[in-house]
Each structure stands twice: as C-alpha cells, then as structure tokens.
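Heads up, the thing below is written out as structure tokens.
The values are calculated or read from the model by the stated rules, or taken from the named source; none is laboratory data. Treat the numbers as computed from the prediction; the structure is a model and nothing was measured. Cβ placement follows ideal geometry from the backbone for every residue including glycine, while neighbour counts extend to all protein chains displayed.
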Amino acid sequence: MRPIAVVVEHDAGGIIPVTHELLACARILADQTQSSIVAVIPGKGDPAMAKQIADLGIETVDLAIIGMDGYNSEAYKGALFQLFTTLAPLYIIVGHTATGRDFAPGLGVRLGGGSIAGVNHIVSDQTGPLFSRPVLNGVKNALVRPDASPCIIMVQPGAFRVQGTSFACPARVTAMDIRFTGGTIQPLGIKTVTTQGEDLDQAAVIVAAGRGLGERENLDILERFAALFPNSVVGASRPLVDDGWIEYRFQVGITGARVSPKLYIACGISGSSQHLAGILGSELIVSVNSDPNAAIFNHSDLCIVADLFEFISAFERILQRHP
Amino acid sequence: MKILVCIKQVNETPDGHTQAMNRFDEYALEEALCIKERFKEAGLDGGVDVITLGPEGAETVVKRAFGMGADNGCHLVSDPKQNGSSAVTAGLIAGAVKGCAYDLVVTGIMSQDRMEGQTGPILAELMGLACATGVVATSLVPGAAVIEVEREMEKGERDCLAMTLPALITVQAGINSPRYPSLSKVLKAAKKTIKTLAVEAVPADTQTLVRLEAPLKSRSGRVLGGTVDDKAVALFDLLRERGIL
Ligand SMILES: Cc1cc2nc3c(=O)[nH]c(=O)nc-3n(C[C@H](O)[C@H](O)[C@H](O)COP(=O)(O)OP(=O)(O)OC[C@H]3O[C@@H](n4cnc5c(N)ncnc54)[C@H](O)[C@@H]3O)c2cc1C
C-alpha cells in the first residue's frame, strides 16, 4: 500500500502550526484512499520534534540532511527525492507556504509526478479524490484530477481545520541520514526586516483599501470614511503597499497582519486567498465591490455591490442626517 | 549577462475586455532591466529577452516589454482552447529556449489568473537551474558568477541566499517600481520583430481540470438590495444595532 507522506514545516522555534493543517488534509485523503500516513521532518535530525509528531499516532521519519545548514531548496529536493523514491508515496502533502512553494514544484518534476498548488478542499469522486484550488482571483474553484504520480498537494494555509487530538498510541520514529553535496545554493541566514505596527491590532474598525481605489489620491476618501467610525484605522491590500501608497505596517494578509477587529470593511478588494488569510478572525466583515462575483463576498457577512465612491458618499449623507 | 523573462497576458477585468501583462511579471521584467543596466554601467554586456506563451494577440505583452526596454521577444503561439497547467507552460518554454545560454531566468511569483506560482520553479527544474522563489531583493556584482537574493517568508522574515549562475528567480511584487513604457522605446518597438513560434507537441499535463465550482462560503453573505442609498441605510442601521456607530 502506498502511503501518504506529509512534509513537516518547522523553523528555529519548532514545528510550525500549518503542519497540523497538513496532517488534517492527509487524514481526509487517508480515509478516502485507505492509506497510511507518514510524516517526514527534513532537517538536522531532531528526535524531540519527531516524538511530538509520533505521539499523535503518526509514523515519522526524522530525516537528517547532512551538509545542509538551514533551509536549502537543493538539499530538500535532493534528499526528499531519494527518500520518496523508496517510500513511493501516493500523495505528498506540503504547505503552500514560502518554503513549500520553493521546493515542491521542482521535486514533483524530479519524481516524475506533478504538483497541485493552493489546494483548499478535497472532493471525493468515483475516480478518486479531486483537488480544489482557487482560480480567477478566487471567483471560482477549479476541481482537478492528478494525472501523474506521485502528486504533491500544496495545501493553502487556513483551509483545513485541525481536529482536536484524540488519544492515539505513539507511533514509530525512524531516523535516517542523507548526505547533501550540492553547492549552487549557499544559505546566508534569516533576516527579520519589519516589525508590525500596533495600529491594526488595536483598532476596533478597519477600513481596508484595495486596488479598486484606482488612484492614490483616493486614499483621502477612505481616510475620511474611516474617520466616521470610533477607534478606526485604514488598512490595505498588498498591491497598495507594493506601490508605496501606504506603509507596510498597514498591510493585511498572509504576508502582512492577521487582524481581528469588531468590523472589517473591505473596499475594492477582490478577496484573494492571501488577503483572506489575514481577515477571517474579524467579528463582522462588510465588503464593498462593484463586481457581484468578487470572491470576497463568499467570506463576508454583508455584501454591498456598488461603486465604492458612490457608496461612501451615500453613507456620509446618511450619517449627516442621523448625527 | 543574458537574461530571460517569462511574461503572460491576463484578463484585467472580469469580462475579459481589458487585457494586460500579468502584474507580477512587470516586477520580473523591471528587475531584469535594472540588472542589465547595472552591467551596462560597469561596461559589461547585458541583454533582456522576453518570452510569452499565449494565443494569438498575446504578443501585445511582448510589445509592452519592448516599450519598457526588452531587447528581443518571442511569442509561442498556443491554441486558445488549450488550458494546460504550469507544468505544460514550463515544458513548452523549456523546449523553446533549449540551447540559449541564459545566465539568469526571471518570472513573476505567480499569474493573476491561475495563481499556481509553479511555472518558474518547474522551468528551473527542467532547465537544470538552481531556483529561488518569492524574491524581494537581489544583488549581484557585475562580472561575478553569483546572485544574492532575499526570499520573502511569512511573518516578515527574509531567507537570504547566494546562488551560482545560471539560476532562476521568481519575483514577488513590491521588489521595485516597474517603469512605464517610454515613448521613444515604444516607437522603436514598432520596428522590432517578434519571433513567432508555433506550439507543436504539447507535453502531457500532470493534471486535468474536471470542472469549475463556486467557492464555499465561510459567512452568511447577505447581499444588500435596492439603491446605493438603501444599502447605505441598511449598513448604518446594522452598525447602530451592533453599537459600533
Ligand atoms: C506569496 C504571496 C503573498 C501575498 N500576500 C498578500 C497579503 O498579505 N495581502 C494581500 O492583500 N495580498 C497579498 N498577495 C497578493 C494577492 O495575491 C492579490 O494580488 C491582492 O490581494 C489583490 O489585491 P486587491 O484585492 O486590492 O486587488 P484586485 O485583485 O485587483 O481587486 C480589486 C477589486 O476592486 C474592485 N473594484 C474596482 N473598482 C471598484 C470600484 N470603483 N468600486 C468598488 N470596487 C471596485 C474589483 O471588482 C476587484 O474585485 C500575495 C501574493 C502572493 C503571491
């Protein structure tokens, strides 16, 4: 029986929480395909970390890549290729994260298989599992069937819910060494560049601006709109930060801040998975978008299909009448 | 320094009336042009080629790239019905550039429409190049055989590494400010020829699209009806009710 392999994500601080979402995804697949699960920890060899996973009842390979110092895509691809050639997994579960995105597509090619990016859902079909991934800015999900094996499933962070752990018998840990002798990539360390501001954390109301704003000058209109709410701040989707319209500390999303205000008003934001990852903890989500099919509406409590400028002026007029 | 940039034409509006260069590719092209300029300043040769895979009409993005400063452009003309994944795109590009000795290949981090982010890393594997994805800073000393890059990680961290050339990088938005096509270059571009290649053998895809579905909803998604004023009133009432206003 070919197993389902899960590549554990970890950093200096230990196992990264997304790993548990990968395991949740693997459990769904294991149920559908009657397969077993094996977790793989590519790194320096870390028995304590391996025990943590094995204690969840999951067989674990503690894979020491000798000669690798910190994450290195070449070392990952080389060592995992060797391991998976003998393990012959049916599916390999990887995070659609900065690390997963970096090594998984190349590893898939090397293994003679394929990789599906940004998987957010699994549908059981007579032909086997179908994998759902967002397309067209999240307006649709594409259901795809893998045609090459093994298939690497790159899991969208936040998409698979972690079940509470029930009691499980600790599983076996296998320690393994693979030597890495590449040399075209030289790690130079991890650098922390930005400290997130507190503005977004402390605000009760976040009015968030997206590319629907059109022009930088229109930020004033959003500032004025935000000022109508007590304890509010203007946040933004990433493109506005990339273009230098607004500082990074106001960026919301997977590479910005994860926010949880009382009220989040998304103005002219389409609702890409990367943006959504930052806002789902909000109490109330209101979206204003001129496109009735915008993905953000699937994750909103209140959907306002309108030109954002017309809507804001209308709202300002109403407020003037009810001071 | 010979650089290849992979660019794609995407629909910029939901109805498909406006098409544009994939936003992430503009950053990729800008980065390549900046590197070329640094080499030129150091008295070294540099050239930037662009390649696009797309149906007839997609050569518009090559013209835009000429306007920004690309030297040569190639359009791999695909069947508009063909809807292959990144594996197919990368396979076709790898085939088309076989034998061209590029020092550096640059792609955007992903396309706006398919959002896979896989064309770059798969192409690197097929071309046998070292690869770094999600690059937010590059530095290379003209003449040296190494490129140093910073990859964007989650939580505001950057993974710094040096790669021996030739190599491939996929570029994250925000790394630079893409230039607008200059009038003089646009005029010159009109006289440039775009190399056109027909797609012959399409490599087998690693996946099949079965169907498209509406995404699952995570919240109730009450849609407000009526005029824009009605909608404003409805929001106002709700926020009063909740004690937010
Ligand atoms: C690795 C990675 C990390 C990323 N991290 C983040 C992140 O942390 N945060 C983030 O936000 N993005 C992130 N992104 C980018 C993300 O993929 C999207 O490109 C981005 O979120 C889109 O921003 P947007 O919704 O503002 O723009 P668009 O997708 O262009 O949407 C604009 C919306 O405005 C609407 N609109 C236009 N005009 C009007 C009008 N007059 N009135 C009302 N509506 C209007 C349109 O219908 C459209 O829905 C990341 C991408 C990658 C690859």
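Which condition number does residue B:16 fail, the rest of (1) without any contact (Cβ under 8 Å) to a residue 12 or more places away in the chain; (2) more than 13 Å from chain A (Cβ to nearest Cβ) being met?
Residue B:16 satisfies every listed condition except (2).
Give me the strands (runs of 3 or more DSSP E) completely within segment B:117-215, filtered to those with at least 1 residues that are buried (at least 18 other Cβ atoms within 10 Å of the Cβ), ordered by residue number. Break it down stepwise before answering.
Working: elements: B:130-139, B:146-152, B:157-164, B:167-171, B:195-198, B:207-213.
Fully inside segment B:117-215 and qualifying: B:130-139, B:146-152, B:157-164, B:167-171, B:207-213.
Are any residues in segment B:21-54 in a loop (DSSP other than H, G, I, E, B) and either within 16 Å of the ligand (Cβ to nearest atom) or in contact with a helix residue (DSSP H, G or I) (Cβ under 8 Å, 6 or more places away or on another chain) (or both), and if so, which ones?
B:22, B:45, B:46
Has segment A:311-320 got any residue that is assigned to a loop (DSSP other than H, G, I, E, B) and assigned by TED's automatic domain parsing to the domain that holds residue A:215?
no
I'd like to check something: does segment A:287-301 contain any residue that is within 13 Å of the ligand (Cβ to nearest atom), aromatic (Phe, Trp, Tyr) and in contact with an Asp or Glu (Cβ under 8 Å, 6 or more places away or on another chain)?
no
Hey, can you tell me all the residues within segment B:195-210 that are more than 22 Å from residue A:146 (Cβ to Cβ) and under 21 Å from the mean Cα position of the chain (by Cα)?
B:195, B:196, B:197, B:199 - these are the residues of segment B:195-210 that are more than 22 Å from residue A:146 (Cβ to Cβ) and under 21 Å from the mean Cα position of the chain (by Cα).
Quick one: count up the residues across segment B:18-43 that are hydroxyl-bearing (Ser, Thr, Tyr) and over 26 Å from residue B:141 (Cβ atoms).
Summing the residues that are hydroxyl-bearing (Ser, Thr, Tyr) and over 26 Å from residue B:141 (Cβ atoms) in segment B:18-43 gives 1.
Considering only residues that are under 18 Å from the mean Cα position of the chain (by Cα) and more than 6 Å from the ligand (Cβ to nearest atom), which ones fall in segment A:261-277?
Once the filter is applied, which keeps residues that are under 18 Å from the mean Cα position of the chain (by Cα) and more than 6 Å from the ligand (Cβ to nearest atom), segment A:261-277 yields A:271, A:273, A:276, A:277.
Output the number of the condition that residue A:282 fails; it satisfies all remaining conditions of (1) out of contact with any Cys (no Cβ under 8 Å at 6 or more places or on another chain); (2) buried (at least 17 other Cβ atoms within 10 Å of the Cβ); (3) within 8 Å of chain B (Cβ to nearest Cβ); (4) farther than 23 Å from residue B:174 by Cβ.
The number of the failed condition is (3).
Being out of contact with any strand residue (DSSP E or B) (no Cβ under 7 Å at 6 or more places or on another chain), touching a residue at least 40 places away in the same chain (Cβ under 8 Å) and assigned to a helix (DSSP H, G or I) is the filter here; which residues of segment A:77-101 pass it?
Residues satisfying the conditions are A:78, A:99.
Quick grid of which residues meet (1) among the small types (Gly, Ala, Ser); (2) touching a residue at least 12 places away in the same chain (Cβ under 8 Å); (3) away from the ligand (no atom under 13 Å from the Cβ); (4) not in a strand (DSSP E or B):
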residue	(1), (2), (3), (4)
A:170	no, yes, yes, yes
A:190	no, yes, yes, no
A:230	no, yes, yes, yes
A:233	no, yes, yes, no
A:241	no, yes, no, yes
A:254	no, yes, no, yes
A:259	no, yes, no, yes
